[in-house]
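The values are calculated or read from the model by the stated rules, or taken from the named source; none is laboratory data. Just so it is clear, the model here is predicted, and its values are computed rather than measured. Counting neighbours? That spans all protein chains shown, and the Cβs are built from the backbone with ideal geometry, glycine included.
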Amino acid sequence: MSVLHYWRALWGIVGRELWRFVTQRERFISALVRPLVWLFVFAAGFRAALGLAISPPYETYILYEVYITPGLIGMIQLFNGMQSSLSMVYDREMGSMRILMVCPLPRWFLLLSKLLAGTGVSVLQVYVFLGIAWFYDIHAPWQGYLWVLPALVLSGLMLGALGLLLSSFIKQLENFAGVMNFVIFPMFFMSTALYPLWKMKESSAFLASLAHYNPFSQAVELIRFALYAQYNPYAFIYTLVAFLVFMAAAIVGYNPSKGMMMKKGGA
Amino acid sequence: MTKKILSYGLWALLLASTAQAETVFVTLEKDNALAVVDPIAGKLTATVPVGQRPRGIAISPDNKLLYIATSDDNTIRIIDTNTLKEVGKLPSGDDPETFALNPAGDRLYVSNEDDSRVTVIDIAKKKAIKEIKVGVEPEGITVSPDNQWLASASETTNMVHWIDTKTNTIVDNTLVDPRPRAMSFTADSQQLWVTSEMAGTLMILDVKTRQIIKTIKLEVQGVTSDKVQPVGVVIDSKRGKGYVALGPANRVAVINAQTFAVENVLLVGQRVWNLAFSPDQKRLYTTNGISNDISIIDLDSATVTKSLGVGTYPWGVAVKP
């Protein structure tokens, strides 16, 4: 198998995903509307809620909308990760998955290509969101806009791998809605996306520790620090390890002879 | 040769850095101390005890001496800005809080809140040379840059008293909004800016007519108006922009000094009271009483770059180039 084969497969999958994204204008808009509603409506009500203690990477007091921005970036990637795995279930139902899976390349490579495709789409969405936020007076140092790119790739891969893992458990499209509710919402609310850990500790130490060990929190913190041109090694390693674990589990899950495919009677 | 270049380079670097380095002094009301801050490095470099309840602070025109009102000691202490040691005391009258230094640096005017008086001190002789009866609870006090006027605001009488610095007598009074707190003259001595803590306003007074020419209601989106309690006010030397500390609203208002439009409100620490410019007027330092820190504002970009913990109840601020 030559490198060309790999390249062709990768480009085929990424290109298909990007094309699907670009042509589905509703999907693009709805992916942006969700975080923007949170930013313009939800955050507006909490403008005065923060500003009590300064926690890194911030060096001064910030408005709530500034705090919530990295959390909303995480939200974009979380939804995107789930959505691209939703498309896996769809592909499986429609039969196009079969074509992909019989391709003579290693399964892990195909799945990774699928992940990269989804991550690429989410990175595009994030930059458009950051552009709109700029006009809403949410500014980060210019270096931050560069440093956030690798952070976005890693967090996108991690959340995508989680979605992939979940999709390996799901047999039918209808079941996916339940998983969305049981995964997306707890993950989003029990994280540092909306409130900092110190604020959660004030009301519940248990909730704070749940949020701390939530991989989504660490992805958000990785993005938050990177956006201010700072490196958070703990969040980086946590996110990386979470990605490897989810990815490995998803590869096993998609293995027809061992994984969940077997139990479900194959794709 | 390389060595020579290197050493010259080092010297140049050293000179450049010393030329840039300015020192910010902050009085800490509860810690009975003076905080010394290097704002470029963003570090608290020292904390020195100065006496009981230090509040008002000013620096001499030659930047060699600091005057600090230690309210519970009923005196104004003179501190050497290099050694940070006390070199003298001034008789301030009871409970000094705010005071003003004249541009020449030879007279100091103290508001004696409890006695409704302003005490005039001859700094060279370290003697009170006159007590001027003013309205009830005098607080804000300032001298015009042309040294013609001493303005004193009394919080309960709601008046600005115009005192002729030559005769030390009140020439005129202007009724202003309730609880006037702080005042500042523009560099050209043509306007006096006065803040009203209770009305939440900034009033611009014309010095020639001594009348209010503009009243600006200060508001912060998302903050109730009772929390907008303007205190400290400073205006840049070009009369381009003025800045008002909004107390428990935790914001500093940026005001266009030509159009009097409020251009921006910047989030700083809690209960911001007093303000001071850096010598080049590119930065503004704020004392935030409840959050125990100072905020550093970059004025070109109108952003708060850092808030730095300094000690308990930071009150006044003075900057040495």
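Kindly provide the set of residues from segment B:254-304 that are small (G, A, S) and on the phi > 0 side of the Ramachandran plot, ordered by number. Residue satisfying the conditions is B:A302 alone.
Here A:L124 meets each of (1) surrounded by fewer than 20 Cβ atoms within 10 Å (Cβ to Cβ); (2) farther than 19 Å from A:V22 by Cα with one exception, condition (2). Taken as a whole, the condition of being away from chain A (no Cβ under 14 Å), surrounded by fewer than 21 Cβ atoms within 10 Å (Cβ to Cβ), part of a strand (DSSP E or B) and not hydroxyl-bearing (S, T, Y) applies to B:K214. Considering A:A133, A:A219, A:A177, A:A208, the condition of being touching a Gly at 6+ places or on another chain (Cβ under 8 Å) and in a helix (DSSP H, G or I) is satisfied by A:A219 alone. Pairs meeting the criteria (first residue in segment B:38-50 and exposed (fewer than 15 other Cβ atoms within 10 Å of the Cβ), second residue part of a strand (DSSP E or B) and acidic (D, E), beta carbons under 9 Å, at least 6 apart or on different chains) are B:T45/B:D38. Sub-6 Å Cβ pairs linking a first residue in segment A:172-192 that is modelled with pLDDT under 80 to a second residue that is surrounded by 13 or more Cβ atoms within 10 Å (Cβ to Cβ) and outside any helix (DSSP H, G or I), at least 6 apart or interchain, are A:F176/A:I170, ordered by first then second residue. Determine, yes or no, whether B:Y285 is under 23 Å from B:S152 (Cα atoms), surrounded by 15 or more Cβ atoms within 10 Å (Cβ to Cβ) and under 17 Å from the mean Cα position of the chain (by Cα). Here the answer is no, as B:Y285 does not meet what is asked.
Scanning segment B:161-203 for residues that are over 19 Å from B:N274 (Cβ atoms) and in a strand (DSSP E or B) yields B:H161, B:W162, B:I163, B:D164, B:T169, B:I170, B:V171, B:D172, B:N173, B:T174, B:L175, B:Q191. Looking at the structure I just gave you, is B:G222 within 14 Å of another protein chain (Cβ to nearest Cβ), small (G, A, S), within 18 Å of the chain's Cα centre (by Cα) and not in a strand (DSSP E or B)? Criteria not met by B:G222. Of the residues making up segment B:288-321, those that are within 21 Å of B:Q52 (Cα to Cα) and either among the aromatic types (F, W, Y) or over 15 Å from the mean Cα position of the chain (by Cα) (or both) number 10.
Against the list (1) touching a residue at least 24 places away in the same chain (Cβ under 8 Å); (2) among the acidic types (D, E); (3) not in a strand (DSSP E or B), the condition B:D72 fails is (1). Residue-level check: of (1) crowded, with 17+ Cβ neighbours inside 10 Å; (2) more than 23 Å from B:A69 (Cβ to Cβ); (3) at the interface with chain A (Cβ under 10 Å from one of its Cβ atoms), B:L299 misses just (3). Report whether or not A:L210 is over 17 Å from the mean Cα position of the chain (by Cα) and either away from every other protein chain (no Cβ under 14 Å) or more than 21 Å from A:G81 (Cβ to Cβ) (or both). It is true that A:L210 is over 17 Å from the mean Cα position of the chain (by Cα) and either away from every other protein chain (no Cβ under 14 Å) or more than 21 Å from A:G81 (Cβ to Cβ) (or both). Please go through segment B:246-270 and give me each residue that is within 15 Å of the chain's Cα centre (by Cα), within 14 Å of chain A (Cβ to nearest Cβ) and farther than 16 Å from B:D298 by Cβ, ordered by number. Of everything in segment B:246-270, just one residue is within 15 Å of the chain's Cα centre (by Cα), within 14 Å of chain A (Cβ to nearest Cβ) and farther than 16 Å from B:D298 by Cβ, namely B:L246.
Exactly one residue out of B:G309, B:G232 is more than 14 Å from chain A (Cβ to nearest Cβ) and among the small types (G, A, S), and it is B:G232.
Of the helices (runs of 4 or more DSSP H) that lie entirely inside segment A:3-116, those containing 1 or more residues that are within 14 Å of chain B (Cβ to nearest Cβ) span A:64-94.
Restricting B:V110, B:V120 to residues that are surrounded by 14 or more Cβ atoms within 10 Å (Cβ to Cβ), assigned to a strand (DSSP E or B) and touching a Pro at 6+ places or on another chain (Cβ under 8 Å) narrows the list to B:V110.
Considering only segment B:271-284, state which residues are within 14 Å of another protein chain (Cβ to nearest Cβ) and more than 17 Å from B:E29 (Cα to Cα). Result: B:R283, B:L284. Please work out if B:K320 is away from chain A (no Cβ under 14 Å) and surrounded by fewer than 15 Cβ atoms within 10 Å (Cβ to Cβ). So B:K320 does not fit the description; no.
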